[in-house]
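The values are calculated or read from the model by the stated rules, or taken from the named source; none is laboratory data. No experiment lies behind these values; they were computed from the predicted model shown. In this analysis, Cβ positions are derived from the backbone assuming ideal geometry, glycine residues included, and neighbour counts consider all displayed protein chains. Side chains included, ligands, DNA and RNA excluded: accessible areas come from the protein's heavy atoms. Shrake-Rupley method; radii C 1.70, N 1.55, O 1.52, S 1.80 Å.
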Amino acid sequence: MKQIVVIGGGFAGLAAAVAAARRLDEAGDASADVKITLVNRDPWNFIRVRGYEQDLSDTRVALADVLEPIGVELVIGEVTAIDAGARVVRIGSGRMLSYDRLVLAAGSQLNMPNIPGLASHAFNVDSYQEGERLNQHIAGLGRRPASPGRDTIVVAGAGLTGIEAACEMPEKLARAGIRSGRVIIADALPHIGSNMGDEARPVIEEALRHLGIETRTGVRLESVDASGITLSGGERIATETLVWTAGVHASPLATMLPVERDRFGRLPVDEYMRVKSVAGVFAAGDIAAALIDGTHASVMSCQHGRPMGRWAGNNAAADLLGLEMLPLRIEHYVTCLDLGPWGALYTEGWDRRLAIAGAEAKKTKQTINRVRIYPPRSRDRREILDAYAPVLTPSPLRQLRPAAE
């Protein structure tokens with residue numbers, strides 16, 4: 001049997017496995033001797049972009065429900081080595097998987113710099129387990145003795161994840177019985193949402209004021225302990241809840257391939273999602289960097305991870321069968337930022353022009369996060385395969401509001 005191995009069960013990895021199965025299905029008898037295996041550390045496809053929310057009960061989809069109906073093998077385990085020369089993947093259990101084509105879609109992980117006390121005392125929303133740990137911690141605060149530290153939450157990092165996490169905190173505190181709590185969001189850059197553009201920043205500021213969220217900008221976290229944090233400049237904030245959201249880095253599995261990586265640790269891929277200079281290996285999602293429109297590098301988000309995965313899987317199967325591969329080019333770029341009970345905002349283009357904000361943007365954000373990015377959960381083979389065709393869907397706003405064209 002010929003073997004396609006996909007590493008990673010997130011947005012890009014799941015998309016790659018199903019897209020490969022779809023391409024084999026189209027090839028019919030020519031693909032009869034090809035097997036697809038997906039390797040993931042756990043049995044779930046976690047909808048990671050929802051990790052900041054209050055209820056995470058519907059944020060995991062069983063990988064088996066998507067893969068079993070289409071005949072893709074699921075292996076649960078941690079990849080410990082990739083030998084691109086021998087075309088072998090080693091799994092922690094001791095199992096070895098040989099491959100004819102490999103799709104590396106192991107995603108990214110939270111940056112945890114060497115700040116005193118950070119690893120021991122910080123929370124995050126980078127995984128289902130960590131998001132649940134944070135939510136359970138906040139839910140239990142009301143049962144602790146009242147104190148400024150108990151009633152204060154600090155979110156470190158004011159990118160998209162940090163802003164979304166902070167905007168949920170006042171309501172999380174209220175549900176815990178703490179109605180006079182403080183929420184503070186801090187960042188080293190001069191603005192909250194510095195990379196969101198001039199049109200979006202006033203909207204973010206309005207939402208933060210409405211929600212009563214304090215800001216600290218131009219500061220860095222110096223140290224963390226069980227009772228509080230210290231910022232550069234010397235400010236001490238009493239808190240029992242620090243949420244760290246300051247950036248991500250590509251999976252360390254990227255270092256197992258002999259290529260130069262970008263500043264985020266990502267592998268360089270061409271328009272077919274092939275890792276440059278490494279035969280037989282494709283990559284997609286947060287672990288890969290592609291010039292997505294010929295000029296701009298792909299962003300580490302499901303917006304690019306999902307189509308990158310579809311193209312990588314399709315092309316890995318096509319390449320193995322000697323069929324034509326498809327180049328990926330995405331001309332549109334959007335950002336949809338959740339701003340908690342205030343609403344949301346939606347921008348278009350790499351210069352992030354504000355398109356809509358408030359309740360309408362919130363409805364769009366919820367449609368994206370809770371419907372659009374989910375795999376089919378019907379276990380219907382045809383529906384699953386069709387959902388991962390290498391076809392670009394319209395940008396969310398234009399799909400949901402045809403009149404906006």
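Need the list of lysines near LYS35 for cross-linking: C-alpha distance under 20 angstrom, and skip anything on the same chain fewer than eight residues off.
Reachable lysines: LYS2.
Using only C-alpha positions, report the orientation-averaged shadow area of the convex hull of the stretch 1-77, nm², one decimal. Each step should come with its number before you reach the end.
Details: hull surface 21.1 nm².
Mean projected area of the Cα convex hull: 5.3 nm².
For the chain, state what percent of all Cα-Cα pairs lands in each successive 10 Å bin, counting from 0 Å until the bin that includes the largest distance.
5, 22, 30, 24, 14, 4, 0
Just tell me which lysines come within less than 21 Å, Cα to Cα, of LYS363; anything on the same chain fewer than 8 places away is out.
LYS172
Residue farthest toward the positive end of the dipole of the chain, with Cβ of Lys/Arg at +1 and Asp/Glu at -1: which of ALA174, MET300, GLN3?
Going by the Cα projections, it comes out as ALA174.
What does the highest-first list of 276-285, 293-302 look like by mean Cβ count within 10 Å? Can you show the working numbers first?
Details: 276-285: 23.4, 293-302: 15.9.
Answer by packing, highest mean first, reads 276-285, 293-302.
For the stretch 12-135, rounded, prolate or oblate, judged on the Cα gyration tensor with a ≥ b ≥ c (square roots of eigenvalues), a/c < 1.5 rounded, else prolate if a/b > b/c?
Oblate.
For the stretch 226-377, take N as its residue count and report Rg(C-alpha) divided by 2.2 N^0.38 Å. Before the final figure, lay out the partial values.
Details: Rg = 19.4 Å, N = 152, 2.2 N^0.38 = 14.8 Å.
Output field value: 1.31.
Considering only the chain, what is the antiparallel percent among its DSSP beta bridges, to the nearest 5? Show your work: numbers first, answer last.
Values: 33 of 68 bridges.
In the chain, approximately 50 percent of DSSP beta bridges are antiparallel ones.
If you filter the stretch 46-155 for GluC sites (Glu not before Pro), then keep DSSP loop positions with at most 13 other Cβ within 10 Å, what is left? Can you show the working numbers first?
Values: sites: GLU53, GLU73, GLU78, GLU130, GLU132; in loops: GLU53, GLU78.
Qualifying residues, ordered by number: GLU78.
When the dipole is taken about the Cα centre of the stretch 182-294, and only Lys, Arg (+1) and Asp, Glu (-1) are charged at their Cβ, what size is it in debye, to the nearest 20? Can you show the working numbers first?
On the way: 11 positive and 16 negative charges, 54 e Å.
So the dipole magnitude of the stretch 182-294 works out to roughly 260 debye.
Near LYS276, which lysines are there with a Cα under 18 Å away, not counting those fewer than 8 places off in the same chain?
none
Where does the stretch 148-207 land on the Kirkwood hydrodynamic radius, alpha-carbon pairs, in angstrom?
Working: mean 1/r = 0.0822 Å⁻¹.
Hydrodynamic radius (Kirkwood, Cα pairs) of the stretch 148-207 is 12.2 Å.
For the stretch 6-159, give me the percentage of DSSP beta bridges that are antiparallel, rounded to the nearest 5 percent. Mind showing how you got there, number by number?
Numbers: 10 of 18 bridges.
Counting only bridges with both partners in the stretch 6-159, antiparallel ones make up about 55 percent.
So what does log10 I(q)/I(0) come out to for the stretch 141-243 at q = 0.15, 0.18, 0.20, 0.24 Å⁻¹, using the Debye formula with one equal point on every Cα and no solvent?
-0.59, -0.83, -1.00, -1.31
How would you classify the stretch 183-227 from its alpha-carbon gyration tensor, with a ≥ b ≥ c the square roots of the eigenvalues: rounded for a/c under 1.5, else prolate if a/b is greater than b/c, otherwise oblate? Provide the component values of the computation, followed by the final result.
Details: a/c = 3.92, a/b = 1.57, b/c = 2.49.
Oblate, because a/c is 1.5 or more while a/b does not exceed b/c.
I'd like to check one number: the per residue accessible area of the stretch 113-161, probe 1.4 Å, reported in Å² as a whole number. Each step should come with its number before you reach the end.
On the way: 2230 Å² over 49 residues.
Solvent-accessible surface per residue comes out at 45 Å².
Please list, in order, the residues from the stretch 354-369 whose amide nitrogen is less than 19 Å from a point placed 7 Å along the Cα→Cβ vector of GLU171.
357-369
Within 10 Å, count the other beta carbons around each residue, average over each peptide in 16-26, 348-358, 246-256, and list them highest first. List each step's numbers first, then the result.
On the way: 16-26: 26.7, 348-358: 17.5, 246-256: 19.6.
The peptides rank, most packed first, as 16-26, 246-256, 348-358.
Considering only protein heavy atoms, what per residue accessible area in square angstrom results for the stretch 225-313 with a 1.4 angstrom probe? Please report the intermediate quantities before stating the final value.
Values: 3290 Å² over 89 residues.
For the stretch 225-313, the per-residue accessible area is 37 Å².
Within the accessible area of the stretch 112-185, what % is carbon and sulfur when the probe is 1.4 Å and the other protein chains stay in place? Write out the running numbers ahead of the final one.
Values: 1540 of 3200 Å².
It is 48 percent, rounded to a whole number.
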